[in-house]
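Asker: The structure that follows is given in the form of C-alpha coordinates.
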Amino acid sequence: TNDRDDSERSIQITLDPPTSATPNRLTVALDLNNNGSFTDAGETLIDILNLATTNGAIPPTFKFGFASSTGVATNFHEIRNLVIETVNPVPTTRADVVTIKSGPAFVKPNGNITYTITTTNRGPDPAQQVLVQDQIPDELLPAFPGLPTVVASDGGNYFNPTRNVTWPRIPLLNPGQSVTYTLTVGLPLGLNSGRTLTNTATSSAATFDPDLSNNDGSTEIGQQLTTVTDTVADLVTTKSGPVTSAAGSTITYTLTTANVGPDPAANAVITDSIVQGLTGVSASEGRRLRSGDGCCDVPADRILTCQYSSPHHQFRCPSEPQLDRQHGPQQFANSRPLPPE
(Lines give C-alpha, C1' and ligand atoms only; values in the text may rest on other atoms or scores of the structure.)
Protein backbone atom coordinates (compact mmCIF):
# COMPACT_ATOMS: atom_id res chain seq x y z
CA THR A 1 0.00 0.00 0.00
CA ASN A 2 1.02 3.61 -0.51
CA ASP A 3 -1.01 4.82 2.48
CA ARG A 4 0.87 5.15 5.75
CA ASP A 5 -2.19 4.61 7.96
CA ASP A 6 -3.28 1.49 6.04
CA SER A 7 0.19 0.00 6.45
CA GLU A 8 0.38 0.65 10.20
CA ARG A 9 0.41 -2.39 12.49
CA SER A 10 0.83 -2.82 16.25
CA ILE A 11 2.94 -5.43 17.99
CA GLN A 12 2.75 -6.60 21.61
CA ILE A 13 5.58 -8.26 23.56
CA THR A 14 4.56 -9.86 26.86
CA LEU A 15 6.77 -11.49 29.50
CA ASP A 16 4.72 -12.97 32.32
CA PRO A 17 6.00 -12.60 35.90
CA PRO A 18 7.68 -15.61 37.51
CA THR A 19 4.92 -15.74 40.15
CA SER A 20 2.07 -15.87 37.62
CA ALA A 21 0.09 -18.90 36.47
CA THR A 22 2.33 -19.04 33.38
CA PRO A 23 5.75 -18.13 34.82
CA ASN A 24 8.28 -16.52 32.47
CA ARG A 25 6.11 -17.05 29.41
CA LEU A 26 7.20 -14.89 26.47
CA THR A 27 4.76 -14.04 23.67
CA VAL A 28 5.08 -11.77 20.67
CA ALA A 29 1.86 -10.94 18.82
CA LEU A 30 1.08 -8.82 15.76
CA ASP A 31 -2.29 -7.14 15.24
CA LEU A 32 -2.72 -8.18 11.62
CA ASN A 33 -6.21 -6.74 11.07
CA ASN A 34 -5.78 -3.56 13.16
CA ASN A 35 -8.77 -4.31 15.40
CA GLY A 36 -6.93 -3.60 18.65
CA SER A 37 -6.73 -7.30 19.62
CA PHE A 38 -3.66 -9.52 19.63
CA THR A 39 -5.48 -12.84 20.13
CA ASP A 40 -6.97 -13.47 16.68
CA ALA A 41 -5.94 -16.52 14.67
CA GLY A 42 -2.41 -16.32 13.32
CA GLU A 43 -1.44 -13.21 15.30
CA THR A 44 0.84 -14.93 17.86
CA LEU A 45 4.29 -14.99 16.26
CA ILE A 46 6.37 -16.27 19.20
CA ASP A 47 5.16 -18.26 22.21
CA ILE A 48 7.84 -19.58 24.60
CA LEU A 49 6.17 -21.30 27.53
CA ASN A 50 9.01 -20.68 30.00
CA LEU A 51 11.85 -18.43 28.91
CA ALA A 52 13.95 -19.41 31.96
CA THR A 53 13.82 -23.09 31.02
CA THR A 54 14.55 -22.41 27.35
CA ASN A 55 17.12 -19.64 27.62
CA GLY A 56 18.47 -19.69 31.15
CA ALA A 57 17.79 -17.59 34.23
CA ILE A 58 15.87 -14.33 33.75
CA PRO A 59 18.19 -11.38 34.49
CA PRO A 60 17.08 -8.74 37.02
CA THR A 61 17.17 -6.01 34.36
CA PHE A 62 16.31 -5.91 30.67
CA LYS A 63 17.56 -3.95 27.71
CA PHE A 64 15.09 -3.82 24.83
CA GLY A 65 16.29 -3.17 21.32
CA PHE A 66 14.07 -2.16 18.41
CA ALA A 67 14.95 -1.83 14.76
CA SER A 68 13.06 -0.70 11.67
CA SER A 69 13.64 -0.63 7.95
CA THR A 70 12.55 1.62 5.12
CA GLY A 71 11.33 0.94 1.64
CA VAL A 72 12.91 2.28 -1.53
CA ALA A 73 11.25 5.68 -1.21
CA THR A 74 9.13 5.50 1.95
CA ASN A 75 9.56 5.20 5.70
CA PHE A 76 6.41 3.25 6.48
CA HIS A 77 8.34 0.90 8.77
CA GLU A 78 9.25 3.46 11.39
CA ILE A 79 8.61 2.64 15.05
CA ARG A 80 6.39 4.99 17.04
CA ASN A 81 4.10 5.09 20.09
CA LEU A 82 6.28 2.70 22.09
CA VAL A 83 4.87 1.89 25.54
CA ILE A 84 6.60 -0.29 28.16
CA GLU A 85 4.74 -1.19 31.36
CA THR A 86 5.76 -3.16 34.44
CA VAL A 87 2.80 -4.96 35.98
CA ASN A 88 4.48 -7.12 38.61
CA PRO A 89 4.80 -6.24 41.35
CA VAL A 90 1.82 -3.90 41.27
CA PRO A 91 3.22 -0.34 41.20
CA THR A 92 2.85 1.53 44.47
CA THR A 93 2.22 4.81 42.65
CA ARG A 94 -0.01 5.38 39.65
CA ALA A 95 -1.28 8.35 37.68
CA ASP A 96 -4.08 8.30 35.13
CA VAL A 97 -2.90 10.79 32.51
CA VAL A 98 -5.61 11.87 30.05
CA THR A 99 -5.08 13.77 26.79
CA ILE A 100 -8.02 15.42 25.01
CA LYS A 101 -7.80 16.86 21.51
CA SER A 102 -10.09 19.46 19.92
CA GLY A 103 -10.19 21.51 16.74
CA PRO A 104 -12.45 22.67 13.93
CA ALA A 105 -14.76 20.23 12.14
CA PHE A 106 -14.34 22.12 8.85
CA VAL A 107 -11.65 24.17 7.15
CA LYS A 108 -11.41 25.93 3.79
CA PRO A 109 -8.75 25.01 1.20
CA ASN A 110 -5.44 26.83 1.76
CA GLY A 111 -6.57 27.71 5.29
CA ASN A 112 -5.10 26.93 8.71
CA ILE A 113 -6.19 24.42 11.34
CA THR A 114 -5.63 25.24 15.01
CA TYR A 115 -5.74 22.29 17.39
CA THR A 116 -5.94 22.42 21.19
CA ILE A 117 -4.38 19.62 23.27
CA THR A 118 -5.15 19.37 26.99
CA THR A 119 -3.40 16.82 29.21
CA THR A 120 -4.68 16.23 32.75
CA ASN A 121 -3.47 14.04 35.59
CA ARG A 122 -6.50 12.37 37.18
CA GLY A 123 -4.34 10.94 39.94
CA PRO A 124 -4.20 9.55 42.45
CA ASP A 125 -0.44 10.25 42.46
CA PRO A 126 1.78 12.82 40.72
CA ALA A 127 2.84 11.92 37.17
CA GLN A 128 6.55 12.23 36.48
CA GLN A 129 8.22 13.06 33.16
CA VAL A 130 5.00 13.61 31.20
CA LEU A 131 5.55 13.75 27.44
CA VAL A 132 2.89 15.20 25.12
CA GLN A 133 3.03 14.66 21.35
CA ASP A 134 0.82 15.40 18.37
CA GLN A 135 1.13 13.71 15.01
CA ILE A 136 -0.15 15.84 12.15
CA PRO A 137 -2.02 14.06 9.34
CA ASP A 138 -0.03 12.84 6.38
CA GLU A 139 -2.33 14.86 4.09
CA LEU A 140 -0.90 18.08 5.53
CA LEU A 141 2.57 17.34 4.18
CA PRO A 142 3.35 19.36 1.05
CA ALA A 143 5.04 17.82 -1.96
CA PHE A 144 8.65 16.79 -1.35
CA PRO A 145 10.95 18.50 -0.43
CA GLY A 146 8.62 21.06 1.11
CA LEU A 147 7.88 21.21 4.82
CA PRO A 148 4.48 21.93 6.38
CA THR A 149 3.76 25.22 8.10
CA VAL A 150 3.63 24.29 11.79
CA VAL A 151 3.37 26.72 14.72
CA ALA A 152 3.34 25.11 18.19
CA SER A 153 2.93 26.89 21.51
CA ASP A 154 5.10 26.49 24.61
CA GLY A 155 8.24 25.29 22.88
CA GLY A 156 6.70 22.49 20.85
CA ASN A 157 9.11 21.14 18.21
CA TYR A 158 8.10 19.61 14.88
CA PHE A 159 10.08 16.64 13.46
CA ASN A 160 9.20 15.97 9.82
CA PRO A 161 10.28 12.29 9.47
CA THR A 162 7.71 11.22 12.08
CA ARG A 163 5.29 14.15 11.59
CA ASN A 164 5.33 14.54 15.38
CA VAL A 165 5.18 17.76 17.36
CA THR A 166 6.81 17.13 20.74
CA TRP A 167 6.59 19.45 23.73
CA PRO A 168 9.25 19.63 26.47
CA ARG A 169 8.83 16.98 29.14
CA ILE A 170 6.87 18.02 32.21
CA PRO A 171 8.95 16.97 35.25
CA LEU A 172 5.92 16.70 37.54
CA LEU A 173 2.19 16.94 36.84
CA ASN A 174 0.25 16.88 40.10
CA PRO A 175 -3.19 15.24 40.49
CA GLY A 176 -5.86 17.54 39.08
CA GLN A 177 -3.29 19.66 37.22
CA SER A 178 -3.62 20.27 33.47
CA VAL A 179 -1.48 21.67 30.69
CA THR A 180 -2.91 23.04 27.43
CA TYR A 181 -1.03 23.46 24.17
CA THR A 182 -2.07 24.80 20.78
CA LEU A 183 -0.89 23.75 17.36
CA THR A 184 -1.58 25.52 14.06
CA VAL A 185 -0.93 23.78 10.75
CA GLY A 186 -1.37 25.26 7.28
CA LEU A 187 -3.08 23.31 4.52
CA PRO A 188 -0.82 22.57 1.55
CA LEU A 189 -1.69 23.57 -1.99
CA GLY A 190 -3.81 21.01 -3.79
CA LEU A 191 -5.67 19.76 -0.72
CA ASN A 192 -9.15 20.25 -2.09
CA SER A 193 -12.68 20.17 -0.75
CA GLY A 194 -14.02 16.80 0.39
CA ARG A 195 -10.90 15.48 2.11
CA THR A 196 -11.15 14.50 5.78
CA LEU A 197 -8.07 14.70 8.02
CA THR A 198 -7.49 12.90 11.32
CA ASN A 199 -5.10 14.46 13.81
CA THR A 200 -3.99 12.47 16.86
CA ALA A 201 -2.51 13.57 20.20
CA THR A 202 -0.83 11.25 22.72
CA SER A 203 0.91 11.44 26.07
CA SER A 204 2.97 9.21 28.33
CA ALA A 205 4.59 9.37 31.74
CA ALA A 206 7.32 7.61 33.69
CA THR A 207 4.73 6.90 36.40
CA PHE A 208 2.59 3.79 35.88
CA ASP A 209 -0.64 4.66 34.04
CA PRO A 210 -3.55 2.26 34.77
CA ASP A 211 -5.53 3.35 31.69
CA LEU A 212 -3.68 3.97 28.44
CA SER A 213 -6.83 4.14 26.30
CA ASN A 214 -7.44 7.78 27.27
CA ASN A 215 -4.00 9.05 26.27
CA ASP A 216 -2.62 6.77 23.56
CA GLY A 217 -4.63 8.34 20.72
CA SER A 218 -6.68 5.19 20.10
CA THR A 219 -10.02 6.72 21.12
CA GLU A 220 -12.03 9.73 19.95
CA ILE A 221 -10.98 12.01 22.82
CA GLY A 222 -7.43 12.05 21.45
CA GLN A 223 -8.45 12.54 17.81
CA GLN A 224 -9.85 15.41 15.76
CA LEU A 225 -11.49 14.94 12.38
CA THR A 226 -11.55 17.96 10.07
CA THR A 227 -13.14 18.07 6.62
CA VAL A 228 -11.93 20.42 3.90
CA THR A 229 -14.88 22.33 2.44
CA ASP A 230 -15.32 25.36 0.19
CA THR A 231 -17.64 27.21 2.60
CA VAL A 232 -17.32 27.50 6.39
CA ALA A 233 -19.71 29.29 8.74
CA ASP A 234 -18.99 29.40 12.47
CA LEU A 235 -22.31 29.69 14.32
CA VAL A 236 -22.13 30.73 17.98
CA THR A 237 -25.26 30.34 20.14
CA THR A 238 -25.59 31.74 23.66
CA LYS A 239 -28.47 31.28 26.08
CA SER A 240 -29.50 33.38 29.07
CA GLY A 241 -32.31 33.28 31.61
CA PRO A 242 -33.10 33.53 35.34
CA VAL A 243 -31.44 31.26 37.88
CA THR A 244 -34.63 30.86 39.95
CA SER A 245 -38.33 31.54 39.38
CA ALA A 246 -41.50 31.38 41.50
CA ALA A 247 -44.04 28.66 40.80
CA GLY A 248 -46.77 29.84 38.45
CA SER A 249 -44.66 32.63 36.95
CA THR A 250 -43.30 32.95 33.41
CA ILE A 251 -39.68 32.27 32.57
CA THR A 252 -38.10 33.95 29.57
CA TYR A 253 -35.02 32.49 27.94
CA THR A 254 -33.11 34.33 25.26
CA LEU A 255 -31.16 32.45 22.62
CA THR A 256 -28.84 34.50 20.44
CA THR A 257 -27.08 33.01 17.44
CA ALA A 258 -24.40 34.86 15.49
CA ASN A 259 -22.49 33.83 12.39
CA VAL A 260 -18.86 34.82 12.80
CA GLY A 261 -18.10 33.67 9.26
CA PRO A 262 -16.27 33.62 7.08
CA ASP A 263 -19.16 32.52 4.80
CA PRO A 264 -22.96 32.87 5.00
CA ALA A 265 -24.78 30.09 6.88
CA ALA A 266 -27.56 28.50 4.86
CA ASN A 267 -30.59 26.78 6.48
CA ALA A 268 -29.47 27.48 10.05
CA VAL A 269 -31.27 25.37 12.66
CA ILE A 270 -31.32 26.12 16.39
CA THR A 271 -32.48 23.55 18.95
CA ASP A 272 -33.32 23.82 22.65
CA SER A 273 -34.55 21.20 25.11
CA ILE A 274 -37.93 21.81 26.79
CA VAL A 275 -38.04 20.00 30.12
CA GLN A 276 -41.03 18.09 31.40
CA GLY A 277 -43.50 20.04 33.53
CA LEU A 278 -43.38 23.37 31.68
CA THR A 279 -46.57 24.50 29.97
CA GLY A 280 -47.76 27.25 27.66
CA VAL A 281 -44.78 27.37 25.32
CA SER A 282 -44.71 30.46 23.12
CA ALA A 283 -42.24 32.08 20.75
CA SER A 284 -41.17 35.68 20.52
CA GLU A 285 -43.21 36.17 17.35
CA GLY A 286 -46.30 35.51 19.43
CA ARG A 287 -47.17 32.24 17.73
CA ARG A 288 -48.22 29.21 19.72
CA LEU A 289 -45.63 26.46 19.27
CA ARG A 290 -47.28 23.38 17.83
CA SER A 291 -45.94 20.44 15.86
CA GLY A 292 -45.71 21.45 12.23
CA ASP A 293 -46.17 25.14 13.05
CA GLY A 294 -43.55 26.06 10.47
CA CYS A 295 -41.61 28.26 12.90
CA CYS A 296 -40.67 26.19 15.96
CA ASP A 297 -41.49 22.53 16.31
CA VAL A 298 -42.04 20.71 19.64
CA PRO A 299 -42.12 16.96 18.95
CA ALA A 300 -42.56 14.19 21.50
CA ASP A 301 -38.89 14.26 22.46
CA ARG A 302 -39.39 17.88 23.64
CA ILE A 303 -36.48 19.26 21.63
CA LEU A 304 -37.39 22.75 20.43
CA THR A 305 -36.25 23.29 16.84
CA CYS A 306 -36.43 26.78 15.35
CA GLN A 307 -35.73 27.76 11.77
CA TYR A 308 -34.61 31.32 12.43
CA SER A 309 -31.55 33.04 13.80
CA SER A 310 -32.61 34.41 17.22
CA PRO A 311 -35.50 32.52 18.83
CA HIS A 312 -36.82 34.11 22.02
CA HIS A 313 -39.27 31.80 23.72
CA GLN A 314 -41.13 31.62 27.02
CA PHE A 315 -42.29 28.93 29.43
CA ARG A 316 -44.92 29.14 32.18
CA CYS A 317 -43.98 27.32 35.38
CA PRO A 318 -46.55 24.90 36.78
CA SER A 319 -47.77 25.60 40.33
CA GLU A 320 -45.36 23.39 42.15
CA PRO A 321 -43.68 24.16 45.51
CA GLN A 322 -40.14 23.26 44.41
CA LEU A 323 -38.70 24.71 41.20
CA ASP A 324 -34.95 25.31 41.28
CA ARG A 325 -33.62 26.69 38.00
CA GLN A 326 -29.95 26.12 37.19
CA HIS A 327 -28.46 28.12 34.34
CA GLY A 328 -25.98 26.49 32.04
CA PRO A 329 -27.37 23.42 30.40
CA GLN A 330 -31.09 23.96 30.95
CA GLN A 331 -31.91 21.90 34.07
CA PHE A 332 -35.00 21.93 36.29
CA ALA A 333 -35.56 20.20 39.61
CA ASN A 334 -39.31 19.64 40.02
CA SER A 335 -41.05 17.70 42.76
CA ARG A 336 -43.69 16.42 40.30
CA PRO A 337 -43.48 17.33 36.64
CA LEU A 338 -46.81 18.28 35.10
CA PRO A 339 -47.70 17.23 31.54
CA PRO A 340 -47.68 19.97 28.88
CA GLU A 341 -50.90 21.81 28.07
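Asker: What fraction, in whole percent, of alpha-carbon pairs in segment 144-257 exceed 18 Å separation?
Answerer: The share of Cα pairs beyond 18 Å in segment 144-257 comes to 71 percent.
Asker: Something else: Run the quick spin-label model on THR19 and THR198: label points 7 Å from Cα toward the beta carbon, then report their separation in nm to one decimal.
Answerer: 4.0 nm
Asker: What is the calculated FRET efficiency for VAL269 to THR61, with r their C-beta to C-beta distance and R₀ = 51 Å, to the nearest 0.05?
Answerer: Computed FRET efficiency for VAL269 and THR61: 0.25.
Asker: Suppose R0 equals 30 Å; then what is the FRET efficiency for GLN223 and ASP40 from their Cβ-Cβ distance, rounded to the nearest 0.05?
Answerer: In this case the efficiency is close to 0.80.
Asker: Something else about it: Would you check the accessible area of ARG9, probe 1.4 Å, heavy atoms only, in square angstrom rounded to 10?
Answerer: Surface open to solvent at ARG9 totals about 110 Å².
Asker: Go through segment 154-163 residue by residue and turn each phi into a ³J(HN,Hα) via Karplus (6.51, -1.76, 1.60, θ = phi - 60°); whole Hz please, and just put x for glycine and proline.
Answerer: 6, x, x, 10, 8, 10, 5, x, 9, 6
Asker: Follow-up question, since we're still on this one. Would you kindly state how much longer the chain becomes between ASN259 and ASN112 on full extension, computed as 0.36 nm times their sequence separation minus their alpha carbon distance, in nm to one decimal? It would help to have the intermediate numbers written out before the result.
Answerer: On the way: separation 147, 0.36 × 147 = 52.92 nm, distance 1.91 nm.
Full-extension gain reported as 51.0 nm.
The values are calculated or read from the model by the stated rules, or taken from the named source; none is laboratory data. In this text, all values refer to a predicted model and were calculated from it rather than measured experimentally. Positions of Cβ are backbone-derived with ideal geometry, glycine not excepted, and every protein chain shown enters the neighbour counts. Accessible surface is based on the protein model in full, side chains and every heavy atom, while ligands, DNA and RNA are left aside. Shrake-Rupley method; radii C 1.70, N 1.55, O 1.52, S 1.80 Å.
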